[in-house]
Amino acid sequence: MALTLHSSASFINPKDTKNSAKTSDQEFSISLSFPKSLKPTVCRLRAKNSIHNVQISQHDKPPLFAMNSEVFSTREERLHEVGAVEGHKSGSRVPVFIMLPLDTVSISGSLNRAKALNASLMALKSAGVEGVMVDAWWGLVEKDGPLKYNWQGYTELVEMVQRHGLKLQVVMSFHQCGGNVGDSCNIPLPPWVLEEISKNPDLVYTDRSGRRNPEYISLGCDSLPVLRGRTPIQVYSDYMMSFREQFKDYLGGVIVEIQVGMGPCGELRYPSYPETNGTWRFPGIGEFQCYDKYMKASLQASAVAIGKNEWGQNGPHDAGNYHQFPEDTGFFKREGTWNTEYGQFFLQWYSAKLLEHGDQILAAAAAIFQATGAKLSGKVAGIHWHYKTRSHAAELTAGYYNTLFRDGYIPIAHMLGKHGTVLNFTCMEMRDGEQPASANCSPEGLVRQVKMAAKAAKTELAGENALERYDEGAFQQVLATSRSDLGNGLSAFTYLRMNKRLFDGENWRNLVNFVKSMEGGRKVGLSEFDSSGSDLYVGFIKEKNVKAEEAALV
């Protein structure tokens, strides 16, 4: 028997929402065939759908972690190029989640392309995935005003996910969507927040030349009542409490994980490499983001506290610009300022502010979601370019104080572990040999280092792919890094991202094989809407001049 569901051809292509009126007559077909014998007979039940896509038209005290490098002794520092190759545990299970489209919920607050999404979830369940991940956008949920929350679309999604027997990871997305790698739609911060930013531009991160970045509220004002009487930390906390109350019946059951956004792209970092308007391009070193008045006041206070007033006047003058390489700058070159007493002071302050920011948000999240049964996680960026250099410049500008002589990921792992938070790391799919030699990349070395840091801190580790990949080689690389006999394998993996290409024949076969391998070879389950079957195969079909895709269990 086969079940074929038709929907809009642009069902997971955010860019197509701009032309929804023109494409509404197109159909997307998923045919699920369930064999009864080696020569199955296929009969089809078709449900035709015509849906309309919604168009997305005080003085600063010294930081908590500041100048406290003795906590992380030199015994934990090592040359990052050296790392053990982990073994595999063939019987271990690593559940796989799939990220949903960025515009799963529309600007109006309703669920986008609901019937097509329903068919997609059926296919994913049949493929054996554990669940899906969705961004709960601050800019959508609280857009109508302070403390005015609209969870309608997310409620519809949670109920749909539950019907299919899947699990859900929800990201508390306090950042803007748009202007970074993979951003295919635009969801700004809430309008009332943007209004406050227009009155006080120092609310957002600022680089040396004065360029403002509206992706995320500057951590420099975390504890100041700058958002209509509330501090940013209070605003994030109120948002999470509203989510908890709205979904209390699903937390720990359907909703198994809350990923807490702590910066641009939801990652714990500074927006040091923004792609908007060509500001940055790979593999530039990026720039420090410490020039809003709140960050400058904090830097000055830290310098005064150690009797070095002149160090607090500004950030490094010789750190170059977004597009440069380390050796082109006085700060990041091999024997540069980064390794002087001043450089160490600045980098310690800069990275400690980021750790303090994460610590405050996660402390709030842990208190809010305790006893709900849902895990907490925090995302750390996989900044692998210039990793083979002494200074690790691109990591430093992002706030990760990781150099040839200092492990910057152990403090991060300790901070996350303190709150029982899973460290979610990216670039698990990348190989060193795939990167340009001039960029001194080592994603494999970086992943090994982070795995060892998580183990040292006794912090649970999960992973993601950094870029959209569908090839078998990328899946095999994730599989190779997901397990370990050393006790630092992955607890889960989230695949970026569900879209039209994922359901192409070869891509889908690769995903299904990958999921089965990550599951330790166990037999996959089926949605309650399905009857029987095994592995899922997808290929394109054309019928009555309509472009369609067929997913058939064979």
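The values are calculated or read from the model by the stated rules, or taken from the named source; none is laboratory data. This is a predicted model, so every value here is computed, not measured. Quick reminder, even Gly has a Cβ in these numbers, built from the backbone with ideal geometry, and neighbours come from all protein chains shown. Each accessible area value is taken on the protein alone, full model and side chains, heavy atoms only, with ligands, DNA and RNA left out. Shrake-Rupley method; radii C 1.70, N 1.55, O 1.52, S 1.80 Å.
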How many residues are in a loop (DSSP other than H, G, I, E, B) and closer than 24 Å to ASP485 by Cα when one looks only at segment 418-457? 8
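Take segment 119-139 and flag every residue that is more than 12 Å from SER173 (Cβ to Cβ) and either surrounded by fewer than 22 Cβ atoms within 10 Å (Cβ to Cβ) or of a type in the set (D, E, K, R) (or both).
LYS125, GLU130
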May I ask you to verify whether THR403 is β-branched (Val, Ile, Thr), open to solvent by 10 Å² or more (accessible area, probe 1.4 Å) and on the phi < 0 side of the Ramachandran plot? no
Could you count how many residues in segment 251-261 are assigned to a loop (DSSP other than H, G, I, E, B) and touching a strand residue (DSSP E or B) at 6+ places or on another chain (Cβ under 6 Å)? 2
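Mind listing just one residue for me: the one in segment 141-160 that is among the aliphatic types (A, V, I, L, M) and surrounded by fewer than 24 Cβ atoms within 10 Å (Cβ to Cβ) and, of those, farthest from VAL422 (Cα to Cα)?
In the first step, residues of segment 141-160 are kept if they are among the aliphatic types (A, V, I, L, M); the result is 141, 147, 157-158, 160.
Next, from what is left, pick out any that are surrounded by fewer than 24 Cβ atoms within 10 Å (Cβ to Cβ): 147, 158, 160.
Numbers: LEU147: 28, VAL158: 22, MET160: 26 Å.
Result: LEU147.
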Only one of these conditions is not met by SER223: (1) over 23 Å from the mean Cα position of the chain (by Cα); (2) among the hydroxyl-bearing types (Ser, Thr, Tyr); (3) under 27 Å from HIS384 (Cβ atoms). Which number is it? (3)
Just one listed residue, out of ILE410, ILE383, is closer than 14 Å to VAL447 by Cβ and not polar (S, T, N, Q), and it is ILE383
Can you work out which of the residues in segment 208-220 that are of a type in the set (Gly, Ala, Ser) and buried (at least 21 other Cβ atoms within 10 Å of the Cβ) is farthest from the chain's Cα centre (by Cα)? GLY220
Provide a single number: the residues in segment 402-417 that are in a loop (DSSP other than H, G, I, E, B) and aliphatic (A, V, I, L, M). 1
Whether any residue in segment 285-297 is under 23 Å from the mean Cα position of the chain (by Cα), surrounded by fewer than 19 Cβ atoms within 10 Å (Cβ to Cβ) and among the aliphatic types (A, V, I, L, M) is what I want to check. no
Residue check, GLU195 against (1) under 14 Å from MET99 (Cα atoms); (2) open to solvent by 10 Å² or more (accessible area, probe 1.4 Å); (3) not in a strand (DSSP E or B), all met but one. Which one? (1)
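Yes/no per residue for (1) modelled with pLDDT under 95; (2) buried (at least 24 other Cβ atoms within 10 Å of the Cβ); (3) outside any loop (DSSP other than H, G, I, E, B); (4) in contact with an Asp or Glu (Cβ under 9 Å, 6 or more places away or on another chain):
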site	(1), (2), (3), (4)
ILE233	no, no, yes, yes
TYR239	no, no, yes, yes
SER242	no, no, yes, yes
ASP249	no, no, no, no
PRO271	no, yes, no, yes
PRO274	no, no, no, yes
ASN277	yes, no, yes, no
PRO283	no, no, no, no
